[in-house]
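Participant: Before I ask anything, let me first share the structure, which is written out below as structure tokens.
The values are calculated or read from the model by the stated rules, or taken from the named source; none is laboratory data. Just so it is clear, the model here is predicted, and its values are computed rather than measured. Every residue, glycine as well, gets a Cβ built from its backbone with ideal geometry; the counts of neighbours run over all protein chains shown.
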Amino acid sequence: MRTTTKSGIGRLVLMTSHCAGMVDMVALPLWVGTLVATYLLDPQQAGGLVTLFLLGAVMASLLLAPRFNRIDGRLAATVGFAVASACFFASATLRRFELLALLHAVGGVAAGAGLSFTHGTIGRSANPHRLFGMAGMALGVFAVLLLGAAPQLMVRFGGAALFYALGVAMAIAALLAAWRFPVADAETQASRSFRESGAKLPSRVWFGIAGIGAMALVQAMVYSFLERMGSDRGFGTATLTALLVAIGFVNMFPSGLAAFLERRLNATIVLCAGPAIQGVLALMIALSHAVAPFAVAASVFVAVMLFTHTFAFGTLARMDVTGRVVAATPAMVMIGSAIGPVLGGTLAKLSGYEALGLAGAAFDVLALVCFWCLTRVPRSGDLELAPNETPGVSSS
């Protein structure tokens, strides 16, 4: 049965796939914390394993995004999430670092493959900005469920329970993808002609890719060690669990709000304000030894990235009429996310947690400059959609 992005079932499958593929956005602090506390790895090793997973996702996205229009998305998403699920289940039963490294790398490649076709399909829908915002809202709901339940399961069944939970999430995404993963909306004539001509994408697109990557790096670098920072500063398990649940609740709203405000806020202002706010919050988290400022900054830290990324996704979808750039969204996000955990672990090991905030602020300055360049007035040679044209709907 042919399912489209306009159907409720098709959108449900895309949202579920988005939640599974973007699991690092939710699980990083528990993931790294489990590897340190239960698997007895040092921060650098723990960050390195997560980095392997994310680098695998980046490689899959870079390889598959240019081929988005030539591969069956339903098959790619189903196989990708199924293999990722198997890798998480295996990680729950093993302790050898070398085997965990292999499983993280393979699982990342598999999850990245599924996510690339998820984002490419969203990018070729009638309104990519809105559908990506809906997927972000679903990720917020998933965050509440995972961050609320996982710590309790880990207390009762051990740290391996986290990997079982992630395996189940990937398995559900695989089953739904096999059932009704939607086909991308038909290309416009402009999209087909542009893709088949071999013409280059607008040069400004690369600034957007770099800006998203820089913000993702800051988020991964700081958020990965959020639980460890709070624990080492004596905030207590109950306080940190409540904070993680609060983060999940807050994250339910920014993507939906960004979708609602699509035509009410200037994208340039949003894209430039996002990195600035993220940098300030990173400094607050890394430098605060009191619960109140730490909790306030931490509770909205991920939300800033979710809100800003929705506007960035919509902007890039308008600039590229083929859907290939947004199919590479996992690479944009996860190249930064891949570097973040291991860089954060190295900085924390050598210079303490305060260094995470200082490095984060520096990378956010770079992100701000990149987004400003992305949204400047286009040159006459740049090809992009008109503001009211959508990538999957013909204007004829």
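Participant: Which numbered condition trips up Phe294, out of (1) more than 14 Å from the chain's Cα centre (by Cα); (2) of a type outside the set (Val, Ile, Thr); (3) within 19 Å of Ala216 (Cβ to Cβ)?
Facilitator: Among (1) more than 14 Å from the chain's Cα centre (by Cα); (2) of a type outside the set (Val, Ile, Thr); (3) within 19 Å of Ala216 (Cβ to Cβ), Phe294 violates only (3).
Participant: How about region 79-104: which of its residues are among the small types (Gly, Ala, Ser) and farther than 23 Å from Leu175 by Cα? Show your work before the answer.
Facilitator: Initially, region 79-104 is screened for residues among the small types (Gly, Ala, Ser), giving 80, 82, 84-86, 90-92, 101.
Selection gives Ala101 alone.
Participant: Right, here's the next one. Quick one: count up the residues across region 79-125 that are of a type in the set (Lys, Arg) and within 20 Å of Ile9 (Cα to Cα). It would help to see each step written out before you state the result.
Facilitator: Within region 79-125, the subset of a type in the set (Lys, Arg) is 95-96, 124.
The next check asks that each one be within 20 Å of Ile9 (Cα to Cα); those that pass are 124.
Matching residues across region 79-125 total 1.
Participant: Sticking with this structure for a sec: Working only within region 252-281, note down all residues that are in contact (Cβ under 8 Å) with a residue 40 or more places away in the chain, farther than 19 Å from Leu217 by Cβ and polar (S, T, N, Q).
Facilitator: Ser255, Thr268
Participant: Return the residue satisfying two criteria in turn: it lies in region 357-385 and is among the β-branched types (Val, Ile, Thr) and in a loop (DSSP other than H, G, I, E, B), and of such residues it is modelled with the highest pLDDT. Please lay out each step first, then the result.
Facilitator: Kept after step one, since they are among the β-branched types (Val, Ile, Thr), are these residues of region 357-385: 365, 369, 375, 377.
Going one step further and asking which of them are in a loop (DSSP other than H, G, I, E, B), we end up with 375, 377.
Numbers: Thr375: 83, Val377: 56.
Of everything passing the filter in region 357-385, Thr375 is modelled with the highest pLDDT.
Participant: Using the structure shown, decide if Ala214 is modelled with pLDDT of 90 or more, touching a Gly at 6+ places or on another chain (Cβ under 8 Å), in a helix (DSSP H, G or I) and more than 20 Å from Ala20 (Cα to Cα). If you could, list the steps in order and put the result at the bottom.
Facilitator: Details: modelled with pLDDT of 90 or more: yes; touching a Gly at 6+ places or on another chain (Cβ under 8 Å): yes; in a helix (DSSP H, G or I): yes; more than 20 Å from Ala20 (Cα to Cα): yes.
In short, yes.
Participant: Still on this model: So in region 9-60, with the set limited to residues that are touching a Ser or Thr at 6+ places or on another chain (Cβ under 7 Å) and closer than 22 Å to Arg180 by Cα, which one is surrounded by the most Cβ atoms within 10 Å (Cβ to Cβ)?
Facilitator: If we take residues in region 9-60 being touching a Ser or Thr at 6+ places or on another chain (Cβ under 7 Å) and closer than 22 Å to Arg180 by Cα, then Gly21 is surrounded by the most Cβ atoms within 10 Å (Cβ to Cβ).
Participant: Quick one: is Val109 β-branched (Val, Ile, Thr), in contact (Cβ under 8 Å) with a residue 24 or more places away in the chain and within 22 Å of Thr38 (Cα to Cα)? Step through it out loud before you land on a result.
Facilitator: On the way: β-branched (Val, Ile, Thr): yes; in contact (Cβ under 8 Å) with a residue 24 or more places away in the chain: yes; within 22 Å of Thr38 (Cα to Cα): no.
The answer is no for Val109.
Participant: Every residue in region 129-151 that is closer than 19 Å to Pro330 by Cα and either modelled with pLDDT under 85 or in contact with a strand residue (DSSP E or B) (Cβ under 7 Å, 6 or more places away or on another chain) (or both), please. Talk me through it step by step, then tell me what you get.
Facilitator: We begin by selecting, within region 129-151, every residue closer than 19 Å to Pro330 by Cα; these are 129-140, 142-143.
Hits for region 129-151 are His129, Gly140, Ala143.
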